[in-house]
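Computed from the coordinates by the stated procedures, all read-outs in this text should not be read as laboratory data. In this text, all values refer to a predicted model and were calculated from it rather than measured experimentally. Note: ideal-geometry Cβ built from the backbone for every residue, glycine included; neighbour counts use all protein chains shown.
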Amino acid sequence: MEFCPLAQSGRPTPKYVKFYCRIQHLWNAAITIREFPEDWQAETPKKEIRPRTNRKSTPAYSVTGAMIKQARLRQGISQRQLSTLLHKSQSWIRDIELERYKIKPKDVQLLASVLVDLPHS
């Protein structure tokens, strides 16, 4: 091993001193390297960058959130009243009307059973 100023000659050297000396040696070697060979780093394939998708979901059926809101307002029902009729939360009604959630077929039928003007598929 190379000379280490922390290691004293004639005495056993503790393991941490040997480890420290090795680290110092590697650090000094890394600092002195100025040029790397051309093939020192293998070419890695770059990931394909996909464009971000719109976070709002599109309705899975022909019934949109705007249609639900229009039918609800035509009947004079508030979101809270509609939520109690459907046994759903008011925030669920709001999110369906804002098209944050996809409307499931059973939910379309449930909405159509309460909202008369709403077409169902």
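The figures follow:
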| item | result |
| --- | --- |
| Residue count, the stretch 96-108 (criterion: out of contact with any Ser or Thr (no Cβ under 9 Å at 6 or more places or on another chain) and either among the hydroxyl-bearing types (Ser, Thr, Tyr) or farther than 11 Å from Ile68 by Cα (or both)) | 3 |
| Output for the stretch 73-120, where each listed residue is without any contact (Cβ under 8 Å) to a residue 12 or more places away in the chain and under 25 Å from the mean Cα position of the chain (by Cα) | Ser91, Trp92, Asp95 |
| Selection within the stretch 77-121 - assigned to a loop (DSSP other than H, G, I, E, B) and either touching a His at 6+ places or on another chain (Cβ under 6 Å) or of a type in the set (Ser, Thr, Tyr) (or both) | Ser78, Ser89, Tyr101, Ser121 |
